[in-house]
Amino acid sequence: MNNITAFVAKLRRNDGAVNAGYYGVYEKSVRSMDGYTVFMAKVDGADKLCAFGEKIPFVGIARDGYVECELTHENAQILRRELPFCAPQPVLSQHKCTFGVGDRLGRAAPGHLRVFEKYAATPVLAQQSMRELTLTGRTYSTIIDTASFYVFREGYEGGFGADGDHLKHMGDIGAALEDGCSMITLDLSEHIHSVDESAVEEASAEVKARYLGKTFTLADGTVLEFSAKELNTISAIYTEAMDFTKNVYDVYFADGKYAADLEVSIDETSVSTTPLQHFFVANELTVRAVRFATIAPRFSGEFQKGIDYIGDLDVFTEELKVHQAIAETFGYKLSVHSGSDKFSVFPAIGEITGGHFHIKTSGTNWLEAMRLVAMQQPALYRNIHKYALTVFEKAKAYYHVTANVAAVPDVDTLRDEELPKLFDMADSRQLIHITYGFILSHPIFRPALDTLWDKEHGWYAALLKDLLTKHMECLQIPYIG
């Protein structure tokens, strides 16, 4: 056996039909390299790397004319070395529009990539916070390896990123970069201080010299000016965070050891970021010679998990214009966190930014996976839903949501065909959204879910494709077909 035709023939039934459930070559994955050919195939129901030739670099078992390789970390490293498009890239700085889609289950990328090959946007396929890694029992190495194998399988060469999301501590940042993350979202919430405006100390002489008595004209002509009181308050809130960012930058980014972007997150606060605060952060980072790709401010209103925007659309739109002008003035792009399903504000984001933004949408993937459970195995979903109600209060310790679980319909009163409609209701969406860690660690539910998702992977990809396409259209991302 010395070619793919022969390999496919070996996996065919006597009648010539391919048993797609257990065997078959992923045609988009086929790559002819110097001395060997490699591709992904489904063998006995599991995806494997398969290769034939004289110089096969992958580690595997010799079969009848080819080498069969498991999807191990070692083989993922070899794959990224041999085919660089399978490795994460610093996409924030390389591409105009980027989407943090993430993949908590390690199953979402096929559906995502069907969309990204059609629209002018670039995915961050691997995106997890330390909290998510803990709740799902995964590591940055495993999520990056999974993304690499899917990118190879689907033949996607448009580039993708890997995000160490909302990291707060030096050790976690270093570990994420060592594992291959191509961006770090630096969460500054532990260094941003709430202050009593009537009792704050004066800003340092150096800071006062930079701001007091001066005006700052933004890219759109907007003029900003700091009063002494405003400057004292803002300096007290953010100076420690700016010093910490400088330290992180000097340790991990300044020498160029890691090919990674830095995103600065100042959104994990209880109040929205004012234009003066945003300008101060961007300017102080610039003064400190910190190179960053994005800033995520706390926008007005509520960007809660998995549901549409809560707030005044007109106020949001006017504030977004100033935030965008600040970003343009300093030459970076805005980042929108908890951006999944915020359909009411998507048109404004797309128009005002000119399609130059980063947005994080990963949580909605989990909801579509659970929608699939409600569609395909109603009895299983009913049991999971009831369990989620019992752990909801514990889960709220990890997330800010305003869901009223008392308003969620009793699943025992719903017909099977009505269960998927729960995922069109804000309260029930948030119930399932934030309890994912408990559900995925349940010793009975998890095996049943994995079996279902293995069987219905095509349905899951289709659901994700439809949902992400809706995001693209509402954000006015150009279709490139």
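The values are calculated or read from the model by the stated rules, or taken from the named source; none is laboratory data. Since we're looking at a predicted model, the values are computed, not measured. For neighbour counting, all protein chains shown are included, and Cβ atoms are generated from backbone atoms with ideal geometry for every residue, glycine included. Note: accessible area is taken over every heavy atom of the protein model, side chains too, but ligands, DNA and RNA are not part of it. Shrake-Rupley method; radii C 1.70, N 1.55, O 1.52, S 1.80 Å.
Expressed as a whole percent, the proportion of Cα-Cα pairs in the range 64-175 lying more than 16 Å apart is 59%. Since only 357, 426, 437 are under comparison, the one whose Cα sits farthest along the positive direction of the charge dipole of the chain, derived from C-beta charges on Lys, Arg, Asp and Glu, is 437. The charge dipole of the range 270-387, taken about its Cα centre with unit charges on the Cβ of Lys, Arg, Asp and Glu (plus for the first two, minus for the last two), comes to roughly 580 debye.
Close amide H pairs (under 5 Å, H built 1.01 Å from N) link residue 335 with 295, 296, 358, residues at least 5 positions away or on another chain. Considering only protein heavy atoms and a probe of 1.4 Å, how much of the accessible area of the chain is carbon and sulfur, as a whole percent? The C+S portion of the solvent-accessible surface of the chain is 50 percent. Taken along the Cα-to-beta-carbon direction at a fixed 7 Å, the label points for residue 217 and residue 247 span 3.9 nm. The DSSP beta bridges internal to the chain are antiparallel in roughly 45% of cases.
Can you give me the relative contact order of the chain as a percent, contacts being Cα pairs under 8 Å and 6 or more apart? Numbers along the way, then the final one.
Details: 827 pairs, mean separation 67.9, N = 481.
Once divided by the residue count of the chain, the mean separation gives 14 percent.
Label-to-label distance for residue 313 and residue 448 is 4.1 nm, based on points extended 7 Å past Cα in the beta-carbon direction.
Taking Cα atoms only, the orientation of helix 445-455 departs from the longest principal axis of the chain by about 60 degrees. With both labels modelled 7 Å from their Cα along Cα-to-Cβ, the residue 268 to residue 47 distance reads 3.0 nm. Accessible surface calculations at 1.4 Å, restricted to protein heavy atoms, place the range 369-428 at 51 Å² per residue. Debye-formula intensities of the range 128-269, expressed as log10 I(q)/I(0) at q = 0.12, 0.21 Å⁻¹, are -0.66, -1.23 (one equal scatterer per alpha-carbon, no solvent).
What number does the range 119-180 give for Rg over Rh if you use C-alpha atoms and the Kirkwood radius?
Numbers: Rg = 12.3 Å, Rh = 12.3 Å.
Rg divided by Rh gives 1.00.
Find the percent of Cα-Cα distances in the chain that exceed 34 Å, and round it to a whole number.
40 percent
Measure up 48/421; 421/455; 360/470; 229/333; 48/360; 168/394 against 25 Å on the Cα-Cα distance and list the ones that go over. Before the final figure, lay out the partial values.
Details: 48/421 37 Å; 421/455 22 Å; 360/470 15 Å; 229/333 29 Å; 48/360 31 Å; 168/394 22 Å.
Flagged as over cut-off: 48/421; 229/333; 48/360.
Ranked by the mean number of other Cβ atoms within 10 Å of their residues, highest first, the peptides 212-219, 415-422, 239-246 fall in the order 239-246, 415-422, 212-219. With only Cα atoms counted, the range 338-458 has Rg and Dmax values of 15.7, 47 Å. Taking every DSSP bridge with both residues inside the range 239-370, close to 10 percent are antiparallel.
Quote the FRET efficiency, to the nearest 0.05, computed for residue 286 versus residue 64 with a Förster distance R0 of 51 Å and r equal to the Cβ-Cβ distance.
On the way: r = 62 Å, r/R0 = 1.21.
So the FRET efficiency works out to roughly 0.25.
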